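Right, one structure below, let's go through it.
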Amino acid sequence: MTKPDELALNLQTGTMRNFTRRLIIVLLTGILLFSLRNIWGMNTETLTSLMVSMTTTDYILARFASLIGTIIWSVLYIGFHIFGIALILSGITKIPYHRLVPLQVLIIGILLMEKAVLFIVFTIKGVTVNLSFLSFGPLAATVMENWYLILFLNQLTITSALIITLQYRFISAYLPEVNRKASLMMLVGLHIAMALITASVAFIPFNAMLNSIFGGGF
């Protein structure tokens, strides 16, 4: 993790040892982390109203549905950041896809550690917020009123800078002849595009969808 350039050079002539086992460990760890966050109550506050508007059974079913949805989302999240991003980077840089997957396994490990740190802090404080203290989100919220821009800046974290650095060093070592400035700009642009898309997801009316499913209306 601390030597992505060395990883790039090694992958040109070999493969990562016990890769399948590492991949499974990362996947299971991610599922466990996302599940614990959901069980504890993160991002489930919109279901609280069901306790007074519907029966206890409806509320329990809604929480189970939320947990199942979270597990599915964790698999999609991890899968996209490993295989999806590797495919995108391969198409842009022409580095073989299977050489980029081990790098992305390390990257998703960093992202999960970031989420774990946030979860631990929220658990200790007993409260949760929509913004990460590791990002520009809280600062943006003090000077902006546009919630979309705040959520966008919330995606630009210290971890993002670390990930860009690791990916940049990997690409530069694997392709020493590549234009390094262009590679850096490409990576920054990719992360900005992903931040814009992620911020848009917050505006999907999941609460209305759940109420439609469990409330019997449309």
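One table, with the values for the structure above:
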read-out: Residue-span extension gain [Thr123 to Ile39] - 0.36 nm each, minus C-alpha spacing; value: 29.1 nm
read-out: Excluding exposed DSSP-loop GluC sites (Glu not before Pro) (at most 12 other C-beta within 10 Å), longest clean stretch of the chain; value: 1-144
read-out: Two-decimal log10 I(q)/I(0) for region 1-142, as the Debye equation yields it once each C-alpha is a single scatterer, q = 0.12 Å⁻¹; value: -0.64
read-out: Surface accessible to a 1.4 Å probe, Trp40 within the full protein complex, Å²; value: 100 Å²
read-out: Extension reserve of the Thr55-Asn146 stretch, reckoned as 0.36 nm per residue once the Cα distance is removed; value: 29.1 nm
read-out: Accessible area expressed per residue, the chain, with surrounding protein chains retained (probe 1.4 Å, Å²); value: 58 Å²
read-out: Per-residue SASA entry for Thr142, accessible area with 1.4 Å probe, Å² rounded to 10; value: 100 Å²
read-out: Neighbourhood charge, 15 Å Cβ-Cβ cut-off, centred on Ile158 and excluding it, Lys, Arg +1 and Asp, Glu -1; value: 0
read-out: Using alpha-carbon coordinates, inclination of helix 180-201 to the longest axis of the chain, degrees; value: 10 degrees
read-out: The chain, accessible surface, carbon-and-sulfur percent (1.4 angstrom probe); value: 70 percent
read-out: Gain upon complete extension [Thr46, Thr20; 0.36 nm per residue less C-alpha separation]; value: 5.6 nm
read-out: Rg ratio (alpha-carbon, reference 2.2 N^0.38 Å) - region 82-214; value: 1.22
read-out: Spatially proximal aspartates and glutamates relative to Lys181 (Cα-Cα < 12 Å; intrachain offsets below 8 disregarded); value: none
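The values are calculated or read from the model by the stated rules, or taken from the named source; none is laboratory data. Note that the coordinates shown come from a computational prediction; the quantities given were computed from them, not determined experimentally. Note that each Cβ is placed from the backbone with ideal geometry, even for glycine, and that neighbours are counted across all protein chains shown. Note: areas computed on protein heavy atoms with side chains; ligands, DNA, RNA excluded. Shrake-Rupley method; radii C 1.70, N 1.55, O 1.52, S 1.80 Å.
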